[in-house]
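K.L.:
Just dropping this structure here.
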Amino acid sequence: WTHAAIYRGNGLLWEAQPEGIIEKDINEYLKNGHMIRAFRHKYILDELIINHVLKFCEDQKGYKYGWAGLGFYVFSSFMPISFNFIFDNAFFDKWCHLDKAYFCSELIVDAFGEAGYPISPYDGWRVKPTDFISNPLLESVKKW
């Protein structure tokens, strides 16, 4: 999986794209033949919390794209796991965590964290879309 977004409802997604945080119609992906997998939080059933997550995404509209997150995704995808210690230092954290910039999976991690339901022990910029597949707090609900 190379991308992540939050389903807003009525066929709309919140996502981080190079043009910033945008709303997009899920049908744009489906009509282009993209494989899509939907996940939901196993323990959040409260509509107020879900609305808080969605409001966070909406409030980020206009923020720029997190190119450092994309770089981390690409670099870490090709690096052997035994070298991941390179990313675990204060210099790298400071260098890559850009304020007012989001990579796709970072937006999702930060939105749930802001709502009080963190879905990762890591900073959002360090989470890749593929990390959601094995996340024990998320469950797959649909594949297209």
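K.L.:
Yes or no: the stretch 68-76 includes at least one residue that is more than 14 Å from GLU106 (Cα to Cα), of a type outside the set (A, V, I, L, M) and either open to solvent by 20 Å² or more (accessible area, probe 1.4 Å) or modelled with pLDDT under 95 (or both).
P.N.:
The answer is yes, given that some residue of the stretch 68-76 is more than 14 Å from GLU106 (Cα to Cα), of a type outside the set (A, V, I, L, M) and either open to solvent by 20 Å² or more (accessible area, probe 1.4 Å) or modelled with pLDDT under 95 (or both).
K.L.:
Something else now. Can you tell me how many residues within the stretch 22-55 are touching a Gly at 6+ places or on another chain (Cβ under 9 Å) and either in a helix (DSSP H, G or I) or under 20 Å from THR130 (Cα atoms) (or both)?
P.N.:
Selection size over the stretch 22-55: 5.
K.L.:
What do you reckon, is ILE81 of a type in the set (A, V, I, L, M), open to solvent by 70 Å² or more (accessible area, probe 1.4 Å) and modelled with pLDDT under 70?
P.N.:
Spelling it out, ILE81 is indeed of a type in the set (A, V, I, L, M), open to solvent by 70 Å² or more (accessible area, probe 1.4 Å) and modelled with pLDDT under 70.
K.L.:
Name every residue in the stretch 56-67 that is assigned to a helix (DSSP H, G or I) and either open to solvent by less than 70 Å² (accessible area, probe 1.4 Å) or over 18 Å from LEU13 (Cα atoms) (or both), in order of residue number.
P.N.:
Matches in the stretch 56-67: PHE56, CYS57, TRP67.
K.L.:
Within the stretch 107-128, which residues are at pLDDT 90 or above and either of a type in the set (S, T, N, Q) or assigned to a helix (DSSP H, G or I) (or both)?
P.N.:
Within the stretch 107-128, LEU107, ILE108, VAL109, ASP110, ALA111, PHE112, GLY113, GLU114, SER120 qualify.
The values are calculated or read from the model by the stated rules, or taken from the named source; none is laboratory data. All values reported here derive from a predicted model rather than from experimental measurement. Glycine gets a Cβ as well: all are built from the backbone with ideal geometry, and neighbour counts include every protein chain shown. Keep in mind that these areas ignore ligands, DNA and RNA; they rest on the heavy atoms of the full protein, side chains included. Shrake-Rupley method; radii C 1.70, N 1.55, O 1.52, S 1.80 Å.
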